[in-house]
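These notes are about the structure you will find just below.
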Amino acid sequence: MRKLLLAGLGCALPFGGLAQGAPTTDRLNRAGVEATPTRVSPGETEVNILGSYYQQDGNRSAVEGGVGTQQLTDISPTIVLNVPLDSLTRVSANIGFDYYASASTDRIDQVLSSPSSHDVRIHADLGYSRTLRDRHTIVGLGAGASKEYDYQSFNVVGSWAKSSRDGNRELSVAGQAFFDQVTLILPVELRTGGNQRNGSGFDSRQSFNLSVVYSQVLSKRLQVAVSTELVAQRGLLSTPFQRVYFYDYAPLGLTAGQLGTAKAEVLPRLRNKFPVALRLNYYATDLVQLRAFYRFYNDNFGIQAHTLELEAPLKLTPFLTFYPFYRYHTQTASTYFAPYLAHSVADEYFTSDYDLAAFSAQKTGLGLRYAPLYGLGRFKTPFHGRVAKFKSLDLRYGYYWQSIGLRANIVSFDLGFTMP
């Protein structure tokens, strides 16, 4: 159920993030907070334990053709490691899983508590980075994989970043490629030949991302960054178990809209995405910082979107920071979208997935970060008695709502540790 797990990524990346995909809306980001590296010496290993609990409800399920429940809960623990090999070289690992229970995908078989009502996705990513001799250039390589019941994905990534000698400017470029294989699970009434699971075997998708970020310190108080992430996708871009109902389609003598009159969603097999973004960080005082982020998004599915994020970290003490945040997002509908019973069988492509509809959305919430100078405590680890330092704690709550009815809550945390 990969699409369900990824939907909403564009709506809720950690502040200042740039979504890899189109603006989508079924759920917010998995962790809700970034693994924020603490300031450590080059010889220290960094460990971040992240987790979140996400819950949503709505009545625009794509599985049922744009109607029906969107109830979903998701639990997402993750461990992020950053290990120095020497003063110039680091390796990293990001390992975790997602467990979700979905009333929406439970309707694939139209039998409550079917196997599609829940799923587990496991994922692992490994990375290598090295600072070159000039001390201002960092290159990196990485690879990763994820797997769930009907979906498996592999990816490779390469990156390059160079800063100026005074550290006031930086240009970074990263390229990433995903290679995905999907099991084609159809709605139960569209299956043929006694196959109770799927009707068409397997299909594939490839995604290629190019990210470019230029950042500049304009003054002692103002920093700016301009970025883009160009995305090209080809292969299966539709979700086979999402139904579409037609006003002029009624086989077997049934009237339009009755059970059995659906077709599986069909979308083009090529998609290009063109987002550009601007980020500003303004240090108003030693205690107050203002952050603003704007993104314009456009793709060949006909969607245009605008996203604005504001965050105002407030230091209550040198070690305790509160950061209220707000996000507004609006988008136009895809050329291929129409609601329940609004498509014609003459349409070449069709979807009733409200991720591709016109809507506006808002998200607001509050975060807390506590990071004392000497850490929160120390404890022994099983690794040859090495002592770990509990460095920081981040807690975050967000409430998200759409103009078309979806409501969601997410609670997340990030525990930061270091080991010499």
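The values are calculated or read from the model by the stated rules, or taken from the named source; none is laboratory data. Bear in mind that the values here come from a model prediction, so they are computed numbers and not experimental data. FYI the Cβ positions are ideal-geometry reconstructions off the backbone, even for glycines, and counts take in every protein chain you see.
The residue list VAL288, VAL224, VAL217, VAL231 contains one member that is within 24 Å of the chain's Cα centre (by Cα), under 30 Å from LEU171 (Cβ atoms) and without any contact (Cβ under 8 Å) to a residue 60 or more places away in the chain, which is VAL224. In this structure, ALA161 qualifies as among the small types (Gly, Ala, Ser), closer than 17 Å to GLU229 by Cβ and touching a residue at least 24 places away in the same chain (Cβ under 8 Å). Among strands (runs of 3 or more DSSP E) entirely within region 89-178, having at least 3 residues that are of a type outside the set (Phe, Trp, Tyr), modelled with pLDDT under 95 and closer than 24 Å to GLY65 by Cα singles out no element at all.
Residue check: is ILE122 touching a Ser or Thr at 6+ places or on another chain (Cβ under 7 Å), at negative phi and β-branched (Val, Ile, Thr)? Answer is yes for this residue. Which of the residues spanning region 48-66 are surrounded by 22 or more Cβ atoms within 10 Å (Cβ to Cβ) and touching a strand residue (DSSP E or B) at 6+ places or on another chain (Cβ under 7 Å)? Result: ASN48, LEU50, SER52, TYR54, GLN56, SER61, VAL63, GLU64, GLY65, GLY66. In region 300-313, the residue that is surrounded by the most Cβ atoms within 10 Å (Cβ to Cβ) out of those that are among the hydrophobic types (A, V, I, L, M, F, W, C) and under 12 Å from TYR328 (Cα atoms) is ALA305.
Here's the yes/no breakdown for (1) out of contact with any helix residue (DSSP H, G or I) (no Cβ under 8 Å at 6 or more places or on another chain); (2) surrounded by 18 or more Cβ atoms within 10 Å (Cβ to Cβ); (3) modelled with pLDDT of 95 or more; (4) in a strand (DSSP E or B):
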position: GLY260; (1), (2), (3), (4): no, no, no, no
position: PRO268; (1), (2), (3), (4): yes, no, yes, no
position: ARG271; (1), (2), (3), (4): yes, yes, yes, yes
position: LEU280; (1), (2), (3), (4): yes, no, yes, yes
position: ARG291; (1), (2), (3), (4): yes, yes, yes, yes
position: ASN298; (1), (2), (3), (4): yes, no, yes, yes
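When ASP414, ASP355 are checked against the criterion of being in a strand (DSSP E or B), of a type outside the set (Lys, Arg), surrounded by 14 or more Cβ atoms within 10 Å (Cβ to Cβ) and out of contact with any Cys (no Cβ under 8 Å at 6 or more places or on another chain), a single residue qualifies: ASP414.
Let's see how each residue does on (1) in contact with a strand residue (DSSP E or B) (Cβ under 7 Å, 6 or more places away or on another chain); (2) buried (at least 18 other Cβ atoms within 10 Å of the Cβ); (3) under 22 Å from PRO268 (Cα atoms):
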position: SER211; (1), (2), (3): yes, yes, no
position: TYR214; (1), (2), (3): yes, no, no
position: VAL217; (1), (2), (3): yes, no, no
position: LEU222; (1), (2), (3): yes, no, no
position: LEU230; (1), (2), (3): yes, no, yes
position: GLN233; (1), (2), (3): yes, yes, yes
position: SER238; (1), (2), (3): yes, yes, yes
position: PHE246; (1), (2), (3): yes, yes, yes
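Being surrounded by fewer than 19 Cβ atoms within 10 Å (Cβ to Cβ), under 28 Å from ASP394 (Cα atoms) and of a type in the set (Phe, Trp, Tyr), is that true of even one residue in region 113-128? Yes: one or more hits. Tallying residues that are under 24 Å from the mean Cα position of the chain (by Cα) and closer than 21 Å to ASP414 by Cβ within region 67-89 yields 10. Taken together, the residues in region 62-88 that are over 21 Å from ALA357 (Cα atoms) and in a strand (DSSP E or B) amount to 10. Answer yes or no as to whether THR69 is in contact with a Gly (Cβ under 9 Å, 6 or more places away or on another chain) and modelled with pLDDT under 60. Taking the combined requirement at face value, the residue does not satisfy it. The residues in region 300-322 that are assigned to a loop (DSSP other than H, G, I, E, B), among the hydrophobic types (A, V, I, L, M, F, W, C) and within 24 Å of ALA225 (Cα to Cα) can be counted, and the count is 1. Taking the criterion of being crowded, with 20+ Cβ neighbours inside 10 Å, in contact with a helix residue (DSSP H, G or I) (Cβ under 9 Å, 6 or more places away or on another chain) and of a type in the set (A, V, I, L, M), no residue of region 315-352 qualifies.
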